[in-house]
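Everything on this sheet refers to the single structure shown next.
Bear in mind these aren't lab numbers, they're just calculated from the coordinates by the rules spelled out. Bear in mind that the values here come from a model prediction, so they are computed numbers and not experimental data. As a convention, Cβ positions derive from the backbone with ideal geometry for all residues, glycine included, and neighbour counts pool all protein chains shown.
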Amino acid sequence: MPVARRQVLATAAIAPLAATMFGTTTASAREATGYRVGRGVADVTGPAAENGMMGYSMPQQQTAGIHLRTLARAFVVDDGANRVVFVTVELGALFQSVHQEVLRRLAENYGGLYTEQNVLLNATHTHAACGGDSHYAAYDLATLGFQQQVFDAVVAGITEAIGAAHDDLAPGTVSLGRAELTDASVNRSRSAFDLNPAADTAHFPQAIDPAVTVLRFTRGGRDFGAIAWFATHGTSMTNGNHLISSDNKGYAAFAWERGDPEFVACFAQTNAADMSPNLNLEPGSGPTEDEFDNTRIIGQRQFAAAKRAFDSAGTPMRGPVESLLCYVDLSEVTVDGRFTPDGRTHRTCTAAIGLSMLAGSTEDGPGIPIGEGIRNPLLDWLGGADVPIPPELADEQAPKPVAVPFGAMEPHPWCPEVLPLQLMRIGELYLVAGPAEYTIVAGLRIRRSVAAELGVPLENVLMQGYANAYSQYVTTPEEYDSQQYEGASTLFGRYTLPAHQQEFTRLAAAMRTGTRVPLGPVPPDMTGTLPNFQPGVVFDAAPPGRDFGDVLAEPARGYHRGEQVVAEFVTGHPKNDLRRGGTFAEVQHLVNGRWRTVADDRHWSTKYHWKRSGVASSTATITWDIPAAAPAGRYRIVHSGDWKAAGSGEIAPFTGTSRNFLVA
């Protein structure tokens, strides 16, 4: 039977009081003293086989199983006058396509209660989740086009998580805690970081951002959730991995939640652009040479630091909740001199990437540019990437050697240029939500500008990256000049960061004074602009003399704790049914004559491997690393899947069960 860790999180729905006003801060909000809070979780896992992954941009890195399912975690906070929604999703990026469709579905379900103004969607930036859910070519090249199954799973999961949090609303408290963590990140672009003025680099004496900030959610005297922010990349799993995984932040959430099935632990990003978890500055290296161990250790360190911050969160906050969002065309921003290094007015320009981006980040995962002899059908369909570079764009992007002018590509730009910028307040904490990866100094400068405008302490302003859309990197002008990977991936030229500073400061001024902010140019809906060249499932066939669910390799008769159990099954293609909210793998324990599921494919101890054998046959190998605390007794492995019939195309479920084995 499919296992969902949480189908329902709490009590019946409480009717909302009022929709959030567009772009305003009401007097009643400023006087609010109590909260209603809710939390929700839902599955967003895409196809577990033959789907490109988002992050390393390598077409050959396609999914072939699951290590940790990817989830969306949502919190709703209502102060009696306004409410805000915060969602972190275990994905490589939160694309504008997803943001637009989630808002459409929320409008269908709740009218004007949840809008672009008060909903903040963001990604953990794991590089081991499914890709293909963007409407822009730059982010779908490696997945051979737009993947509808991925998009549908992500949108449905986020919407469900918000719905669960909405239904869970009840009186509660929110507290703010802090800690530091210095052994879960390293600066992967130190030469660029060192080009910044001493006033900036002195703020980060170890060239990392060690801040851990946590919101603690409590009601009825019981803790029921947390949001923890810390800057480190989701690249503990390497580009040689083919198992879907939520990476180190996913493990941190798993480690916290496994002790309480009702607790929701959300591990969000901040300014992580130059922060790597690979402490030895090599892919899959540091603190060990094993990517799974590194994922667990870096995740465990984040959990431990977050728990310290959580435990330090004492006095409940009593400030209002409020949020503002506007859209800005970042390809044509005139930036005032007070935000530029030389004090002069400058402009941003059409989006383009530099040559250094094609090489990838050597510390986290070198890229493989698509060159001669390597064909990509989506690239061919788009007309190739060897378009002329307009001379004026080359000048505007200098000193970047332009490789591909994303914003000037035909028939459609390869990346978004009209992007959402958002400022959200939850009590004493302000979240500067931007659609990019910000270096720690870039984040610091934005935070300083916003904090100064609001008149609040710097530590109460966080950079929330990977939010509401994705537009690659934001470096300081000084870092940009070095044209490391991060600078080459800063799309809108040398003054991209000053443009962000200026526009976020404008939002902060509006929030401080309670004035309206014009929405700005609405980004285009790019639905239907990209094809899909990834082959689908034609049909499934079991080997001669076999049926779906048959066991090809049985576990041993007995094991000790710490050993690995392996079972192999005849299976169908995972794309036949993603089993979102369910599972492909279960470990069951015989307790008082009944089989009880103790682990599934959301659990750290299991791995589900899928492998094609022949044209239409495939096998599923399920492993279970027996935990040290596993009770002695009799166990079995269960595999659930679906197969597609030739001719009719009918899809039917099946279940296979291994023989029993003893754990002693």
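Observations
- For region 277-365: relative contact order, % (alpha-carbon pairs under 8 angstrom, 6 or more apart): 27
- Counted by Cβ distance under 11 Å from residue 400, the other residues give a net charge of -2, where Lys and Arg count +1 and Asp and Glu count -1.
- Think of each Lys and Arg Cβ as +1 and each Asp and Glu Cβ as -1; about the Cα centre, that makes the dipole of region 419-528 roughly 400 debye.
- Ranked packing of 634-643, 176-185, 461-470, most packed first, by mean Cβ within 10 Å: 461-470, 634-643, 176-185
- Annotation: the residues 347, 506, sorted from fewest to most other C-beta atoms within 10 Å of their own C-beta, follow the order 347, 506.
- Residues whose amide H comes within less than 5 Å of that of residue 329, counting only those at least five positions distant or on another chain, are 419 (H built at 1.01 Å from N in the peptide plane).
- Whether region 451-565 is rounded, prolate or oblate, judged on the alpha carbon gyration tensor where a/c under 1.5 counts as rounded: prolate
- Point-charge dipole on Cβ atoms (K/R +1, D/E -1) for region 112-236, about Cα centre, debye to 20: 340
- Value of [θ]222 nm, deg cm²/dmol, for the chain, DSSP H segments ≥ 4, -39500 (n - 2.57) each, nearest 500: -6000 deg cm²/dmol
- Of 265, 287, 218, farthest towards positive along the dipole that unit charges on Lys, Arg, Asp, Glu beta carbons give region 205-298: 218
- The residue list 357, 154, 626 was ranked by how far each Cα lies along the charge dipole of the chain toward its positive end, using unit charges on Cβ atoms, and 626 comes out on top.
- Between the Cα long axis of helix 496-513 and the first principal axis of the chain there is an angle of about 80°, rounded to the nearest 10.
- Contour excess over end-to-end distance, with Cα ends at residue 525 and residue 428 and 0.36 nm allotted per residue: 31.4 nm
- Dipole size of region 290-442 about its Cα centre, with +1 on Lys/Arg Cβ and -1 on Asp/Glu Cβ: approximately 760 debye, rounded to the nearest 20.
- Note on the chain: dipole from Cβ charges, positive end direction compared against 191, 585, 660; the farthest Cα belongs to 660.
- Length released on extending from residue 412 to residue 347, taking residue separation times 0.36 nm less the Cα-Cα span: 21.1 nm
- Distance between modelled label sites at residue 332 and residue 533, nm, 7 Å Cα→Cβ extension: 3.2
- Share, in percent, of DSSP beta bridges within region 540-664 that are antiparallel, nearest 5: 95
- Cα gyration tensor shape of region 107-230, rounded if a/c is under 1.5, else prolate or oblate by comparing a/b with b/c: oblate
- Spacing of the two label points (7 Å from each Cα toward its C-beta) at residue 561 and residue 458, in nm: 4.8
- Placing pseudo-labels 7 Å out from each Cα toward the beta carbon at residue 311 and residue 108 gives an inter-label distance of 4.6 nm.
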